[in-house]
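I have placed the structure first, in the form of structure tokens, so that the comments after it can refer back to it.
What follows draws every value from the coordinates through simple rules; no lab data is involved. What you are looking at is a predicted structure, and each value in this text was computed from that prediction instead of being measured. Here the Cβ positions follow ideal geometry from the backbone for every residue, glycine too, while neighbour counts run over all protein chains shown.
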Amino acid sequence: MRLDTAALRRIPLTTIDGEATSLAAYADQAVLVVNVASKCGLTPQYEQLEELQRRYGDRGFTVLGFPCNQFMGQEPGSAERIKEFCSTTYGVTFPLMEKTKVNGRHKHPLYAQLRRVPDAAGRAGKVKWNFEKFLVAPDGGVTRFRPATRPDDPAVISAIERALPDRT
């Protein structure tokens with residue numbers, strides 16, 4: 001599915017360090033947007049996310065992690081604790097954003113748009129759990145992967161490789 005790329009890139013984001021940014025900073029990259037949590041059964045996906053960052057980062061790709069505490073309080077820590085956990089436990093080098101609501105009345109505007117994208121079964125709507133993934137291609141195409149789909153799944157790898165910008 002394609003979203004309005006210009007509108008998507010104008011949505012204000014805040015890094016985990018409190019700096020203002022947006023997807024415009026990554027306009028020429030394939031971006032994997034993931035709501036993450038430190039105390040979830042899927043937390044080991046951080047390892048595969050970091051592997052994707054290392055494998056494709058120099059080819060126009062980045063993971064953006066959005067800590068989320070909406071699913072059974074699985075991301076209760078402060079920004080400093082989240083950063084420390086991610087770097088010391090999983091060696092995370094990809095950018096992390098501030099804690100973000102992905103569902104409900106106060107969901108972040110980015111997720112209000114991303115939730116419109118259907119998954120492989122054709123279902124759009126609410127984010128089901130932590131580690132739901134949205135691959136945003138430079139041309140605005142968005143592919144959605146539900147939480148149980150691991151970052152190293154062949155479907156995710158294939159989608160990333162298709163979305164990488166042509167750097168020739």
Let me have the relative contact order for the chain, percent, based on Cα pairs under 8 Å that are six or more residues apart. 29 percent
Net charge dipole size for the chain [Lys, Arg +1 and Asp, Glu -1 on Cβ; Debye, nearest 20]: 760 debye
Simple label model, 7 Å out from Cα along Cβ direction - residue 116 to residue 4, nm: 0.7 nm
Sum -39500 (n - 2.57) across every DSSP H segment of at least 4 residues in the chain, then divide by the residue count to get the 222 nm mean residue ellipticity, nearest 500. -8000 deg cm²/dmol
If you take every DSSP beta bridge fully contained in the chain, what fraction is antiparallel? Give it as a percent rounded to 5. 60 percent
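Of all the stretches in the chain, which is the longest one without any exposed loop site, taking trypsin sites (Lys or Arg not before Pro) in a DSSP loop (any state but H, G, I, E, B) with at most 13 other Cβ atoms within 10 Å?
Numbers: sites that count: 105, 116, 123, 126, 167.
No qualifying site falls inside 1-104, the longest such stretch.
Which chymotrypsin sites (Phe, Trp or Tyr not before Pro) does the range 62-156 hold that lie in a coil by DSSP with at most 14 other beta carbons within 10 Å?
none
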Given (1) 9.0; (2) 12.8; (3) 10.8, which label gives mean projected area of the Cα convex hull in nm² as computed from the coordinates? (1)
What is the gain in length, in nm to one decimal, between residue 158 and residue 51 on full extension, counting 0.36 nm per residue of separation less the C-alpha to C-alpha distance? 37.0 nm
